[in-house]
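I have placed the structure first, in the form of C-alpha cells, so that the comments after it can refer back to it.
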Amino acid sequence: MSEGKLLTFVKELSLLLEQKPSEAVIFTKGKALLEKLIAKDDWLAEEFTRPHPQYYQQYLLYADPLDRFSVVSFVWSPGQKTPLHNHTVWGMVGQLRGQEKGTLYHRQADGHFKAGKSTVCLPGHVDLVSPETHDIHVVENDMLDQSSISIHVYGGNIGRISRSVFDPVTGAEKSFVSGYANQLVPNLWS
Ligand code: FE
C-alpha cells in the first residue's frame, strides 16, 4: 500500500522532466502529480515523519541520479520555523499533514527585507517557489499543538545546492547547504 505512491510520483515526474519542460509546465503538470501524491496521507513511512524537539527535520525520500529533482519530507514540531532563505531552483511544497505558513519576503532599496504575502497551507495544498519570480521566504509550522509534514520537491538535489540565508533587518546574506536527517532512503520497491 505504501509502496505505490512515491514510486509512481518519482516515475511520472522523471518522465515529465525528461521532456525538458518549461517552469510553467512543471508548475502545472508537475504540481498536479504532487497534488495526487499528497491527496491522501497514507503512504509516508513512520521513520520519515519523526519530529525533533529542537530542529525541523528534512528526510531525503528520493534524489534523481541526474540531479534533476529531489523529494524531501519536512517535519516540524510546534514553533519551528526556517530562517529567511532562498532556493535558487524551482520548488513545490505539498502539505501532507498539519498546517504550515509560508511568507514571501521582498528586498527593499536599502537592502532590508519586507514581509509580503503569507499563505497558510492545508493538507492537499501545493505552494510554489521560483528563482524566476519569488524565491525568498520563511516557512513555519502553523499548528500550536502538533507536528506538521510537507513534501518538498526541488529542481535539483537540494542537499547539494549552495544557497543563501538572509538577515531580514540588515539584508546580510550567508551561504549554506542544507543537510538530510536520514542515513537511509526509503525502499520504493518493497
Ligand atoms: Fe523554502
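The values are calculated or read from the model by the stated rules, or taken from the named source; none is laboratory data. From a predicted model like this one, the values you see are computed outputs, not experimental measurements. Here the Cβ is made from the backbone with ideal geometry for all residues, glycine too, and neighbour counts use every protein chain on show. Ligands, DNA and RNA are stripped out before the accessible areas are found, and what is left, the full protein with its side chains, is counted by its heavy atoms. Shrake-Rupley method; radii C 1.70, N 1.55, O 1.52, S 1.80 Å.
Taking first residues from the range 124-138 that are within 11 Å of the ligand (Cβ to nearest atom) and partners that are part of a loop (DSSP other than H, G, I, E, B) and of a type in the set (D, E, K, R), the Cβ contacts under 8 Å between residues at least 6 apart in sequence or on separate chains come to V129/D135.
Being among the polar types (S, T, N, Q) and surrounded by fewer than 18 Cβ atoms within 10 Å (Cβ to Cβ) is the requirement here; does S148 meet it? Criteria not met by S148. State which residue is nearest to D64 (Cα to Cα) when the search covers only the range 151-174 and only residues that are open to solvent by 60 Å² or more (accessible area, probe 1.4 Å) and within 18 Å of the chain's Cα centre (by Cα). Looking at the filtered set, the residue picked out is R160.
I want to confirm something. Restricting to the range 177-190 and keeping residues that are more than 15 Å from the chain's Cα centre (by Cα), in contact (Cβ under 8 Å) with a residue 60 or more places away in the chain and exposed (fewer than 13 other Cβ atoms within 10 Å of the Cβ), which single residue is farthest from V10 (Cα to Cα)? Let's see the steps before the verdict.
Pass one, the range 177-190, residues more than 15 Å from the chain's Cα centre (by Cα): 182-190.
With in contact (Cβ under 8 Å) with a residue 60 or more places away in the chain added as a condition, the list becomes 182, 185-186, 188-190.
If we keep only those that are exposed (fewer than 13 other Cβ atoms within 10 Å of the Cβ) too, we end up with 189-190.
Values: W189: 12, S190: 15 Å.
If we take residues in the range 177-190 being more than 15 Å from the chain's Cα centre (by Cα), in contact (Cβ under 8 Å) with a residue 60 or more places away in the chain and exposed (fewer than 13 other Cβ atoms within 10 Å of the Cβ), then S190 is farthest from V10 (Cα to Cα).
Scan the range 96-117 and give yes if some residue there is under 14 Å from the mean Cα position of the chain (by Cα) and at positive phi, otherwise no. Looking for residues that are under 14 Å from the mean Cα position of the chain (by Cα) and at positive phi, one finds none in the range 96-117, hence no. So which residues in the range 63-80 are more than 24 Å from E132 (Cα to Cα) and either surrounded by fewer than 19 Cβ atoms within 10 Å (Cβ to Cβ) or modelled with pLDDT under 95 (or both)? Matches in the range 63-80: P65, S77, P78, G79. Scanning the range 1-30 for residues that are open to solvent by 40 Å² or more (accessible area, probe 1.4 Å), in a loop (DSSP other than H, G, I, E, B) and modelled with pLDDT of 95 or more returns Q19, K20, S22.
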